[in-house]
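Notes for the one structure printed next.
The values are calculated or read from the model by the stated rules, or taken from the named source; none is laboratory data. For clarity, every value in this text was computed on a predicted model and none was experimentally measured. Here the Cβ positions follow ideal geometry from the backbone for every residue, glycine too, while neighbour counts run over all protein chains shown.
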Amino acid sequence: MKAVQDNCGIFAIYGPGPCAWEIFQGIDFLQHRGQQYCGIATYDDGVHQVTHHGKVLNTFTDQELDSLPGRWGIGHVSLKERQPVKWQSSLGEIAVAFSGNLINAKALKDDMMSRGKAFWRGYHVEIIAKLILEEKDPVSGIAGLAEKIIGAYSLVVLTREGIYAARDLFGLRPLILGHGPGRYIVCSESRALHNLGFEIVRDVRPGEIVLLDHRGCTTVRQLPSPRSAHCAFEWAYTASLDSVIDGLPVLQARYNLGARLSQRDQEEGGVQADLVAAVPMSGIAHAIGYHMHSRLNYQEVFLYNRYADRSYTQATQVAREKMAKRKLAVLQHAVKGKSIILCDDSIVRGTQIYNKVHELKQAGARAVHVRVACPPLMYPCDFGISTRTYEELMARKYLFRGDIITLEQLRDLEGWVAAHIGADSVKYNSLEAFVAALQLSRDDLCLKCWDGKRPMGD
Ligand code: SF4
């Protein structure tokens, strides 16, 4: 359970009839990737666009969706920027939406301003759109981003000829192609495909630019990719449990991560525990993975309050903590007198897990052993996943530098974290165990949260 996220989801479709309602449903299935803003743009003799502050189901009206004509369009959910954004240009009207982050946004903006360009708010999507429009056609414009941008982007560009979609050279942010009757889709996660009855075609390759139009889905340019660097955090936390990201089912990855935690406990002599439980919702699959490996009973210890949710993500830490408390109530009869293995995906500041441990103990738990799927987070994300800073990272307060090398260092940190959150013990997956659980080559992953290394170098 984590601090506020800073993330996005995109959905685009080209089909035989009006598409606004399908985009509406598509971005609703991606709502977990961003809850602050949502928007849809369709093309029909120009771009038609509606954006909102709030969640998809709470904000779009039937009238608005009926007022968005066209057979092709794009949608977006976000915690950061209101998108899609549209421009009038020599290429006709276009709209752009993206997921990611530009590390060199300021330098790019300063350079363009020195060349006479003006900006409305300087949003990253605005910088991307203006860079694309500097070239003679959308493909050259999108291809040019790879040389200019330091950062991550999966993007969709709505034009009069169709929808261009592209992934950065490292494939940091997910992007997947789908197909349905007469329809071609590209979106952030496969759950938006199968929940709408579409089929997965494949992931967009790092450096690939595709066009969805009346001919179907065509690769219009493949830029050379130095290596893949898919965000490892997607499988541990960000992506929905029912998605498949770059060929690996999220559910399987989380089961594996939980099983690795159980394996470590067994190798280190076992833990006296009555049950394994999760911090909902992010820890559930990890806890089930622990249960399947250890055969320890899995049990709910928190009741999720489905009515506590609000239209907007809470803006302050205090408000977030209040909301977190309202969302989860302890099931007192399940915990009284019990020794509990409590699984979560990661620890950022430590505030949430501290609260959960204390709530369980107040309810009479005999012991709480915290097990964490991700290794200790040591570095902020530069690629659009989280707003966390060095100062906020709990593990960083103990180990000044990241790069946890030895098991002894990890154990020292775990003891310190356990004392700070009031747990009887804390164990993380080591980075080696984490990568092994994902069953992907380490060279195909971004692990910057843990090793501090940007895939593209510094
Ligand atoms: S830094 Fe972490 S959260 Fe950001 S892309 Fe890399 S692995 Fe994902």
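Within region 414-436, the set of residues being in a helix (DSSP H, G or I) and either surrounded by fewer than 18 Cβ atoms within 10 Å (Cβ to Cβ) or of a type in the set (D, E, K, R) (or both) comprises Glu414, Gly415, Trp416, Ala419, His420, Glu432, Ala436.
Within region 434-458, the set of residues being more than 9 Å from the ligand (Cβ to nearest atom), closer than 13 Å to Asp382 by Cβ and among the basic types (Lys, Arg) comprises Lys453 only. Take the conditions closer than 21 Å to Leu447 by Cβ, within 16 Å of the ligand (Cβ to nearest atom) and buried (at least 17 other Cβ atoms within 10 Å of the Cβ) and apply them to Leu393. Does it pass? When the stated conditions are applied, Leu393 passes them.
Select, from Ala166, Ala129, Ala146, Ala152, the only residue that is part of a helix (DSSP H, G or I) and within 23 Å of Leu447 (Cα to Cα).
Numbers: Ala166 fails: part of a helix (DSSP H, G or I); Ala129 fails: within 23 Å of Leu447 (Cα to Cα); Ala152 fails: part of a helix (DSSP H, G or I).
Unique residue meeting the criteria: Ala146.
Restricting Leu377, Leu360 to residues that are within 16 Å of the ligand (Cβ to nearest atom) and surrounded by 24 or more Cβ atoms within 10 Å (Cβ to Cβ) narrows the list to Leu377. The strands (runs of 3 or more DSSP E) falling completely within region 58-111 that include 3 or more residues that are modelled with pLDDT of 95 or more and either assigned by TED's automatic domain parsing to the domain that holds Glu134 or over 24 Å from Gln25 (Cβ atoms) (or both) map to 72-78, 92-102.
Considering only region 331-373, how many residues are on the phi > 0 side of the Ramachandran plot and among the aliphatic types (A, V, I, L, M)? Spell out the reasoning first.
Residues of region 331-373 that are on the phi > 0 side of the Ramachandran plot, as a first pass: 337, 350, 364.
Restricting the remaining residues to those that are among the aliphatic types (A, V, I, L, M) gives none.
Total meeting the criteria: 0.
The set of residues from region 183-227 being surrounded by fewer than 18 Cβ atoms within 10 Å (Cβ to Cβ), more than 25 Å from Tyr237 (Cα to Cα) and basic (Lys, Arg) comprises Arg215, Arg221. Screening region 241-263 for residues that are away from the ligand (no atom under 16 Å from the Cβ) and within 14 Å of Arg191 (Cβ to Cβ) and picking the one that is surrounded by the most Cβ atoms within 10 Å (Cβ to Cβ) gives Val244.
Do we find a residue being of a type in the set (Lys, Arg), within 20 Å of the chain's Cα centre (by Cα), at pLDDT 90 or above and not in a helix (DSSP H, G or I) anywhere in region 355-378? Don't jump to the end; show me each part of the working.
So the first thing to find is which residues in region 355-378 are of a type in the set (Lys, Arg), and the list is 356, 361, 366, 371.
Those left that are additionally within 20 Å of the chain's Cα centre (by Cα): none.
Looking for residues that are of a type in the set (Lys, Arg), within 20 Å of the chain's Cα centre (by Cα), at pLDDT 90 or above and not in a helix (DSSP H, G or I), one finds none in region 355-378, hence no.
Cβ-Cβ contacts under 6 Å between residues 6 or more apart (or on different chains), taken from a first residue in region 443-454 that is not assigned by TED's automatic domain parsing to the domain that holds Ile347 to a second residue that is in a helix (DSSP H, G or I) and within 9 Å of the ligand (Cβ to nearest atom), are listed as Arg454/Lys448.
Per the conditions (1) under 27 Å from the mean Cα position of the chain (by Cα); (2) within 22 Å of Ile10 (Cα to Cα), the sole criterion not satisfied by Asp66 is (1).
Can you find a residue that is touching a Pro at 6+ places or on another chain (Cβ under 9 Å) and either surrounded by fewer than 16 Cβ atoms within 10 Å (Cβ to Cβ) or modelled with pLDDT of 95 or more (or both) anywhere in region 283-290?
So the first thing to find is which residues in region 283-290 are touching a Pro at 6+ places or on another chain (Cβ under 9 Å), and the list is none.
There is no residue in region 283-290 that is touching a Pro at 6+ places or on another chain (Cβ under 9 Å) and either surrounded by fewer than 16 Cβ atoms within 10 Å (Cβ to Cβ) or modelled with pLDDT of 95 or more (or both).
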